[in-house]
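Only one structure is covered here, and it is reproduced in the block below.
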Amino acid sequence: MSKEKKARGYLTGREIRAIAKANKADMKRLEAYKNRKADEEEFLTEMKDPSNILEIEDLHTYFFTEQGVVKAVNGVSFNIPKNATVGIVGESGCGKSVTSMSVMRLIQGPTGQIYSGSIRFKAHDVARDAKGKPIKNEDGTYATEDKTYDIAKMPIREIHRIRGKQIAMIFQEPMTSLNPVFTIGQQLDEVTFIHTPGATKESAKARSIEMLNLVGIAMPERVYAAFPHELSGGMRQRVMIAMALAADPRLIIADEPTTALDVTIQAQILDLLRDLKDKIDGSILLITHDLGVIAEMADYVVVMYAGKVIEQGTVEEIFHNPLHPYTIGLQKSKPTLKSDDEALFNIPGNVPNPVDMPNYCYFKERCDKCVKACSGDYPCMVQVSPTHYVACHLYDKEENHG
Ligand SMILES: Nc1ncnc2c1ncn2[C@@H]1O[C@H](COP(=O)(O)OP(=O)(O)OP(=O)(O)O)[C@@H](O)[C@H]1O
Ligand code: SF4
Ligand SMILES: [Mg+2]
């Protein structure tokens, strides 16, 4: 947005038409790419580090709105190692959910689109011959193999290979995610029917009861026959987790899984998630704005601000040696028992307008540690340890400072 538009505070009809025209062209191109037919080779790739289960690299996810392009995820990169829990933290609107929805390819088009970048995922899927046909074993079952997909490049018609099956998602509000007119059993069985070829009514029910047991439901047969409204919030969230686990996923994405629950139930669900990660031998991507939850659950932490990763590291590095002024502010704004008589710290100012991001550090207007370089280019990621990275000019080479 030009300075003149900013001062005016509104868009003229001509400007709105120009935005609509540019948006239409981009949306059409990206929708066509999403809906194309493509051979597997087009979206097969290799992991950069074989010890990872997911590698997100320079991901851009945009919303083409009437006011302009909202760069909700603007060049995000991070990895999820096998058997690890990675927590994403950041204030409301920073792009946590859009990042996770991009991994699941649940961004609602045509307005929302993955614009560019890679999402590499180590899948275990049906083996295919040179013509793309599934290979069968002698006993009639399908042969499987490990292969890496670039989820961002997969046509949407192929996404069933991983969505719900290899990567499962647990949402914040279990009541709206469960269908009120079907029993828990019907909804759980459905997951097995969709993802397990050859499943029978009996085998699906056995799997559903097994999953309800696994998530600590004491009377699984009763819950199996119940409708969602007959269960408490905590029970519903356990059912959602059971549903996510039914297809035996390699990665679970939990987006604010405990925000709608009271503290005691919250602690139980977090304990459950922690136990399950080892039981299922998988990884967890945990999204929350609660630093306490991250400290307890995560092995690695990714801090996001305004659509970008501004710091990442192990949980010890982020909590004991936070470097970015925003991460430091986040930690200071955490309520503690000691802060009884003091006002709670809050980071002054607001996140910049997502349609009109500056080309310097997005945190500059709120930062009390600015140096000369902060008015220049957006800071690059600086590596400060093998696992700790920060995007802030304070950690650039000395000559930038003034
Ligand atoms: N359908 C949409 N159309 C336009 N903008 C959107 C849409 N969905 C999300 N956004 C924008 O994308 C940005 C990131 O949103 P996102 O939901 O990822 O935030 P979040 O970090 O998950 O926040 P919260 O903690 O509140 O859940 C926000 O600025 C939001 O306004
Ligand atoms: S780059 Fe500058 S403005 Fe941005 S967080 Fe670092 S010190 Fe603050
Ligand atoms: Mg969210």
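Tell me which residues come under 5 Å, amide H to amide H, from Ile53 once H is placed; ignore anything under 5 positions away on its chain.
Residues meeting the criterion, in which the H sits 1.01 Å from N, are Ile80, Lys82.
When the Kirkwood hydrodynamic radius is evaluated over all pairs of different C-alpha atoms of the chain, what value in angstrom, to one decimal, is obtained?
On the way: mean 1/r = 0.0433 Å⁻¹.
This gives a value of 23.1 Å.
Between Met27, Met101, Met219, find the one with the highest GNM mean-square fluctuation for the chain; connect C-alpha pairs within less than 10 Å.
Of Met27, Met101, Met219, the most mobile in the Gaussian network model is Met219.
Length gain on complete extension for the stretch Ala32 to Ser232, per 0.36 nm per residue less the alpha carbon to alpha carbon distance?
67.7 nm
What list of ³J(HN,Hα) couplings, whole Hz, do you get for region 128-135 from phi and the Karplus terms 6.51, -1.76, 1.60, once you set θ to phi - 60° and write x for glycine and proline?
10, 7, 4, 8, x, 7, x, 8
Considering only DSSP beta bridges whose two residues both sit in the chain, what percent are antiparallel, to the nearest 5?
70 percent
Compute the distance from the alpha-carbon center of region 17-81 to that of region 143-157, in whole Å.
15 Å
Bin by bin, in steps of 5 Å, what percent of the Cα pairs in region 53-100 do you find, going until the bin that has the longest distance?
5, 18, 26, 23, 15, 7, 4, 2, 0
Please report the net charge: other residues with Cβ closer than 14 Å to the Cβ of Asn23, K and R +1, D and E -1.
Details: positive: Arg17, Lys21, Lys24, Lys28, Arg29, Lys71; negative: Glu15, Asp26, Glu31, Glu66.
Within the 14 Å Cβ shell, the charges total +2.
Below 8 Å between Cα atoms, with a sequence gap of 6+, how large is the relative contact order for region 108-254 in percent? Write down the numbers at each step before the final one.
Details: 190 pairs, mean separation 39.2, N = 147.
Across region 108-254, relative contact order equals 27 percent.
Local charge sum around Lys364 (other residues, Cβ-Cβ under 15 Å, Lys/Arg +1, Asp/Glu -1)? Before the final figure, lay out the partial values.
Working: positive: Lys308, Arg366, Lys369, Lys372; negative: Asp356, Glu365, Asp368, Asp377, Asp396.
It works out to a net charge of -1.
Give me the net charge for the shell around Lys48: Cβ to Cβ below 13 angstrom, other residues only, Lys and Arg +1, Asp and Glu -1.
Numbers: positive: Arg120, Lys122; negative: Glu46, Asp49, Glu55, Glu57, Asp58, Asp150.
Net charge in that neighbourhood comes out at -4.
Of all the C-alpha pairs in region 1-141, what % are more than 23 Å from each other?
On the way: 5113 of 9870 pairs.
I get 52 percent for the Cα pairs in region 1-141 exceeding 23 Å.
Quick note: the coordinates plus some simple rules give every number you see, no bench work behind them. Fair warning: this is a prediction, and the values are worked out from it, not measured in the lab. All Cβ positions, even for glycine, are placed from backbone atoms using ideal geometry, and neighbour counts span all protein chains on display.
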